[in-house]
1. Please go through region 33-49 and pick out each residue that is in contact with a helix residue (DSSP H, G or I) (Cβ under 6 Å, 6 or more places away or on another chain) and in contact (Cβ under 8 Å) with a residue 60 or more places away in the chain.
2. Here are the criteria: (1) on the phi > 0 side of the Ramachandran plot; (2) within 15 Å of the chain's Cα centre (by Cα). Tell me which single one residue 107 does not satisfy.
3. Looking only at residues in region 64-77 that are touching a strand residue (DSSP E or B) at 6+ places or on another chain (Cβ under 6 Å) and surrounded by fewer than 16 Cβ atoms within 10 Å (Cβ to Cβ), which one is nearest to residue 147 (Cα to Cα)?
4. State which residue is farthest from residue 136 (Cα to Cα) when the search covers only region 50-61 and only residues that are without any contact (Cβ under 8 Å) to a residue 12 or more places away in the chain and either in a helix (DSSP H, G or I) or touching a helix residue (DSSP H, G or I) at 6+ places or on another chain (Cβ under 8 Å) (or both).
5. Within the group 91, 66, which residue is on the phi < 0 side of the Ramachandran plot and either in contact with a helix residue (DSSP H, G or I) (Cβ under 8 Å, 6 or more places away or on another chain) or in contact (Cβ under 8 Å) with a residue 40 or more places away in the chain (or both)?
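What follows is calculated from the coordinates using simple rules that are stated; it is not laboratory data. Predicted model only: the values in this text are computed from it and were never measured. All Cβ positions, even for glycine, are placed from backbone atoms using ideal geometry, and neighbour counts span all protein chains on display.
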């Protein structure tokens, strides 16, 4: 039998470090120049939907690719369609509508935002949404989303967010 000073705890620690490093590398996101895809998407979302900056055209031209592809069935595809449709939505949206990004998940060129939207004037829990963005050459080129109203009474206490 070969005698070794390595114990099971050391072997376990080695594999734990290996596993952590593998997961960090596997979840690595692509950088789009000086900014990561997640930072780009979060900055865009905050400026348009959270801070509701007035000049949606300037923000959209900064963040959206000229060939922007939209999968939301209520918005036509293209950057111009986004500017017109979302610009109108935000102009008519009550200032009491708030959005909070709860989670940001990134894989390569895809960024997923888990979002809570609610009306501060109402006691209803609002809606939970998932926005998915694809980034290409430092711009958002594609978008999908799904939204669901949060029921007041749920079959569990886990929440949706």
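1. The one that is in contact with a helix residue (DSSP H, G or I) (Cβ under 6 Å, 6 or more places away or on another chain) and in contact (Cβ under 8 Å) with a residue 60 or more places away in the chain: 44.
2. (1)
3. Here the residue is 71.
4. Of everything passing the filter in region 50-61, 53 is farthest from residue 136 (Cα to Cα).
5. One residue alone meets the criteria, 66.
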